[in-house]
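In what follows, a structure is listed as structure tokens, so that the remarks can point back to it.
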Amino acid sequence: MLIKSIKLMIVLFLAGLLLSPIILFFFLIEDAPLISEHQRLTVDNVQKVKNIINDNKPGNMNKRQVRAMALSENDLNILLNYGVQHGLGYERLFTKIELPGNRIHLWITLELPANPAGRYLNVFISLKNSGTLLDIDHMKTGRLTIPGTWINPAVKLTNYLLLYSELYKGLSQHVHAIKKISVIKGYLNLVYEWDPEALGLIHEKGKQFLLSKDHQEKLVLYYNKLVQTVRPYKNGKVSLAIILKPMCIFSEQQSKISGNPVLENTALFQVLSLFSINRGLKDLVHEDIQKQMDPFVATSFTLYGRTDLPKHFLVSAGLAVSAGSKLSNFIGLAKEVEDSDKGSGFSFADLAADKAGVRMGELAAGSPDQAVLFHQRMGEVEQETDFMPLIDGLTEGIKKLEFRNRYSDLDSESYAMVNDEIDKRIKDCPVYR
């Protein structure tokens, strides 16, 4: 009898272990979302994101300079929404921030695929002032509430364990540049001091963390091939079509060696994008590997006789293969918004080059099958119109006020009509059909 009872207890214990994740899943998932809308894509909001980032770049600060920054609820929501939707590309992830009293309230909703438990994972986090930093007061997900007294020790223990990583240690030093963070009267206030030595450590360790030694050497391989390809046009100009075709053929040849066409195309466009804006590989490649690089050859690429369009095209393609098409599209759009305010003006021609570059990046590195198809189609390229849409009739040099009057905003019907026309022209290019 005792043996049977013990066996029953063991069976129930094992069943509990197996069923607990399922029970917990049903306990956390809900039928209704806390948040269900993204921030609207407006000219002012796009410019706001760029201004906040540009104003607080370490490169714009003096050594050991202490700076204070105050972010409103609106600022935080714009940054968070655009980071999630356009940076990470998560259309089904919704966020919202409020700053009541001396607290930060953060709502997060993730829309899930259809399932019997519910459609939404909702998370609410409340943070409060605690000395010079913020602590988690409590967190709620579904019907489960966890007090901060449980969470904060776990965060500290995790931080302690991660310090054994050199990269995280460098990042931690960088975070320590934040001298004070608090919520006062509806603003998140930051006081920080950038440490150049910490930045340098992060930069060097980040190369090893983001790119393996093999990938860094592959970048140098493509860089040297590109230098050889452009050498006949030294200090001159050359159509991007003349350069892209042999470079893509080289990528196809390397794919047969590595068996990984996506990786080869990724390296290809990372190098092309940096070369197009006269940037070397020093930000990505360790100093020892840089010694394998051939001397730089100054050459300007052209599309339809213009030197600006290849930069838009290749940088967008490079971003698409590295960080995803959502971020690449957003950065291209942000650049045009900035130009409409104080630069050369909003250009739909430039935007067409941005979007075409993103499309090429998607095709080149979207999947192994797409990468193989990309090689086949690029091997048949004869002219620029094979991969770059015509820009005839696309308005350029639109200043901010004129843009607002003519197109209302970035989600207006008039803007969408031009945007759709650009998409149609891209689809008509033989490489993307």
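Any residue in segment 211-229 that is hydroxyl-bearing (Ser, Thr, Tyr), at pLDDT 85 or above and under 18 Å from VAL285 (Cβ atoms)? Break it down stepwise before answering.
Within segment 211-229, the first condition is being hydroxyl-bearing (Ser, Thr, Tyr), and the residues that meet it are 212, 222-223, 229.
In the following step, the residues that additionally are at pLDDT 85 or above were identified as 222-223, 229.
Going one step further and asking which of them are under 18 Å from VAL285 (Cβ atoms), we end up with 222-223.
Among the residues of segment 211-229, at least one is hydroxyl-bearing (Ser, Thr, Tyr), at pLDDT 85 or above and under 18 Å from VAL285 (Cβ atoms), which makes the answer yes.
In summary, helices (runs of 4 or more DSSP H) completely within segment 231-319 and bearing 3 or more residues that are over 27 Å from the mean Cα position of the chain (by Cα) occur at 240-258. Conditions first: (1) over 30 Å from TYR415 (Cβ atoms); (2) buried (at least 20 other Cβ atoms within 10 Å of the Cβ). LEU373 passes all but one, so which condition is the exception? The number of the failed condition is (2).
Restricting segment 62-89 to residues that are at pLDDT below 65 and not basic (Lys, Arg), which is farthest from ILE181 (Cα to Cα)?
Restricting attention to segment 62-89, the residues satisfying the condition of being at pLDDT below 65 are 62-64, 85-89.
In the following step, the residues that additionally are not basic (Lys, Arg) were identified as 62, 85-89.
Numbers: ASN62: 21, GLN85: 26, HIS86: 26, GLY87: 25, LEU88: 25, GLY89: 28 Å.
Among those that are at pLDDT below 65 and not basic (Lys, Arg), it is GLY89.
LYS256 meets each of the listed conditions (1) modelled with pLDDT of 85 or more; (2) more than 25 Å from GLY379 (Cβ to Cβ); (3) of a type in the set (Lys, Arg) apart from (2). For GLY343, are the conditions met, namely being out of contact with any Asp or Glu (no Cβ under 7 Å at 6 or more places or on another chain), at pLDDT 75 or above and under 16 Å from ASP308 (Cα atoms)? Judged against the criteria, GLY343 is not a match. Candidates are the residues of segment 224-252 that are under 25 Å from ALA365 (Cα atoms) and of a type in the set (Ser, Thr, Tyr); the one that is surrounded by the fewest Cβ atoms within 10 Å (Cβ to Cβ) is SER239.
The values are calculated or read from the model by the stated rules, or taken from the named source; none is laboratory data. Because the structure is predicted, anything quoted here is derived from the model rather than measured. Note: ideal-geometry Cβ built from the backbone for every residue, glycine included; neighbour counts use all protein chains shown.
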